């Protein structure tokens, strides 16, 4: 237990955990509704989360085909996800995207445009019509990673947060929610800059903590995304959904137009997996093809090769040129960023040092699929309310909106639409609620962790990530999943039964242990759900059940902690607006 001298106390109407686009949009809305707002940001504000990595955004705006409609867009979203999405939430998402884009425009954002100044519109796989646009960044802010469209969105939101009296606490992370009976009344966080605990007393709390893709050794998401909101919400009593599913990007390095994918024998292979053209192939089919080829004919590092040299020959470019074309420049920037940025999948593959980084204009690159945004999350309604009173969720930590896969373009819209909704709902509830007292002794007691302070947290995280890569990757089966579950559960049991020295625990060490526990919780849910779902749907693939099974598995899996045990149960899907052709 910690003394009160080691804990800073904060009071607020609305507590928001996170610093990405969902958290920012929720904070803006809650403040504008009249509530006091405090944000707890893991990392530096504006330099954490997956919002910075956004590419295009999909909406039926003024740029859309005259025949396009919101209903068609919603059908595209639901069908792409295998009809396992929440159609009520999906319809709201599509119906409100243009309002959120208009809002960004009013706050100063602009689009990538053609030479005639018209908005550049692109077509993405499985969209009925071209409706994807990209935002242009005109800010002077500096970010440690990200792509121009995502940076543009985040910079616009950051400006709006900074223009309001919103308290932002950086380099801090939530480790538990504090409850009074059934109600969430605040949270306990660690400020790892000062190495102090923060006890935040709130009327309502919004989780906007992003994904749990850091449970994998090869991932495109930021280091902060260790499933904190998922696991903490789970232990607070929230129901979760679709935790067995994660999106993968086919190539960790990206791929420029004309790229050729080769196996370890330097043979082209995509045609063997039914892919004759990369134009409009879905990322799910593409990722599965590369993953299978790595299994069959991959390098000793579990990679394949990608040859992008033709792009540079055809465009008379090299990596030292100033790229004038926005479209070519953005693509090239992505590839170079993926190769050179510390912590990317490339460095995880070959542990490159700068002088050995290959040149995509001349060299073959090794690549592999990377875990992207996770699909599973906390169950929410149209207001962002969870199944726990006074607790809300928005963005990637919330699940169930679109189903088992997501076409390109909706990633940026989900946090904006549902961040606003959660912020409004949480603020309105807070303003009519009397703040409850907190049992301080219980709030910051961590007795169950006092005997495990000597564990090697870095080593354990690496073990978890390697297990999930080896046993719960793109293509799964009963045998490898079962072995992986045994290994994850052994780590959890060893952690719980460890007998370290009983010297005083520090808040920073406490955070590291909680991150491990969060990763273990999310890993166990993913593997257990994967064992239960016996089919292939969207981004979820089982080699021992390779077919879609609407008769038995057109269902969601829900996850809940009951008597400290994980319970998973299937629930029916309301096909209120659209359904598969064979039903």
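Starting from one equal scatterer on each C-alpha and no solvent at all, send me the Debye-based log10 I(q)/I(0) for the range 446-552 at q = 0.10, 0.13 Å⁻¹, two decimals.
Those come out to -0.36, -0.54, one per q.
What FRET efficiency would be calculated for the residue pair residue 159, residue 432, taking the C-beta separation as r and a Förster radius of 41 Å, to the nearest 0.05? Could you put the intermediate results ahead of the total?
Working: r = 30 Å, r/R0 = 0.74.
With R0 = 41 Å, the Cβ-Cβ based efficiency is 0.85.
Quick one: if you stick a label point 7 Å off each Cα along the C-beta vector at residue 98 and residue 362, how many nm between them?
Result: 5.1 nm between the two label points.
What does the C-alpha gyration tensor say about the overall shape of the range 225-296? Classify as rounded when a/c is under 1.5, otherwise prolate if a/b is larger than b/c, or oblate.
Details: a/c = 2.95, a/b = 2.85, b/c = 1.03.
Prolate.
Label-point separation (nm) for residue 142 and residue 113, each offset 7 Å from Cα along Cα-to-Cβ?
2.9
Please give the length that would be gained between residue 555 and residue 279 if that part of the chain were fully extended, namely 0.36 nm times their separation in residues minus their C-alpha to C-alpha distance (nm, one decimal).
Numbers: separation 276, 0.36 × 276 = 99.36 nm, distance 3.11 nm.
Value of the extension gain: 96.3 nm.
What is the list of residues in the range 248-264 whose amide nitrogen lies under 12 Å from a point 7 angstrom out from the Cα of residue 299, following Cα to Cβ?
Counting only backbone N, you get 253, 262-264.
Relative to the longest principal Cα axis of the chain, at what angle does helix 326-340 sit, 0 to 90 degrees, rounded to 10?
So the helix axis and the longest Cα principal axis differ by about 60 degrees.
Order of 225, 428, 385, 567 from fewest to most other C-beta atoms within 10 Å?
Working: 225 26, 428 16, 385 20, 567 12.
Sorted ascending by nearby Cβ count, the order is 567, 428, 385, 225.
Relative to the longest principal Cα axis of the chain, at what angle does helix 478-496 sit, 0 to 90 degrees, rounded to 10?
Helix 478-496 sits roughly 30 degrees off the main axis of the chain.
Taking Cα atoms, how many degrees apart are the long axis of helix 413-431 and the longest axis of the chain, rounded to 10 and kept between 0 and 90?
The helix 413-431 is inclined about 20 degrees to the chain.
If the label point is 7 Å along Cα→Cβ of residue 578, which residues in the range 532-566 have backbone nitrogen under 16 Å from it?
538
Helix-only mean residue ellipticity at 222 nm, the chain, DSSP H runs n ≥ 4 weighted -39,500 (n - 2.57), per residue, nearest 500. What is it?
On the way: 15 runs with 196 residues, N = 583.
Helix contribution divided over all residues of the chain: -10500 deg cm²/dmol.
Report the gain in length on full extension from residue 563 to residue 477: 0.36 nm times residue separation, minus Cα-Cα distance, nm rounded to one decimal. Please report the intermediate quantities before stating the final value.
Working: separation 86, 0.36 × 86 = 30.96 nm, distance 2.91 nm.
Working it through step by step, the gained length comes to 28.0 nm.
Test of understanding: extend the Cα→C-beta vector of residue 265 to 7 Å, then name every residue of the range 284-301 with backbone N under 14 Å from that spot.
Inside the label zone: 293-299.
Post the alpha-carbon centroid distance, the range 109-131 to the range 13-91, in whole angstrom.
19
For residue 105 and residue 128, calculate 0.36 nm times their separation in residues minus their Cα-Cα distance, and state this gained length in nm to one decimal. Write out the running numbers ahead of the final one.
Values: separation 23, 0.36 × 23 = 8.28 nm, distance 2.54 nm.
Once the chain is fully extended between residue 105 and residue 128, it gains 5.7 nm.
Give the order of 60, 397, 249 when sorted by the count of other beta carbons within 10 angstrom, beginning with the fewest. Provide the component values of the computation, followed by the final result.
On the way: 60 20, 397 34, 249 23.
Placing the least packed residue first, the sequence is 60, 249, 397.
As a footprinting exposure proxy, order 33, 24 by other Cβ within 10 Å, with the fewest listed first.
Lowest count first: 33, 24.
Computed from these coordinates, which is Kirkwood radius over Cα pairs in Å: (i) 27.9; (ii) 24.2; (iii) 29.5?
Entry (ii).
Using the basic label-point model (7 angstrom from Cα toward the beta carbon), what is the residue 194 to residue 534 distance in nanometres?
Between residue 194 and residue 534, the simple spin-label model gives 5.5 nm.
Mind putting together the pair-distance distribution for the range 1-153? All Cα pairs, 10 Å bins, whole percent per bin, short to long.
Using 10 Å bins, I get a P(r) of 9, 30, 33, 19, 6, 3, 0 for the range 1-153.
Each value in this text was obtained by applying a stated rule to the coordinates, not by laboratory testing. Predicted, not measured: the structure shown is a model, and the values here were computed from it. No Cβ is skipped: glycine too gets one built from the backbone with ideal geometry, and neighbour counts run over all protein chains shown.
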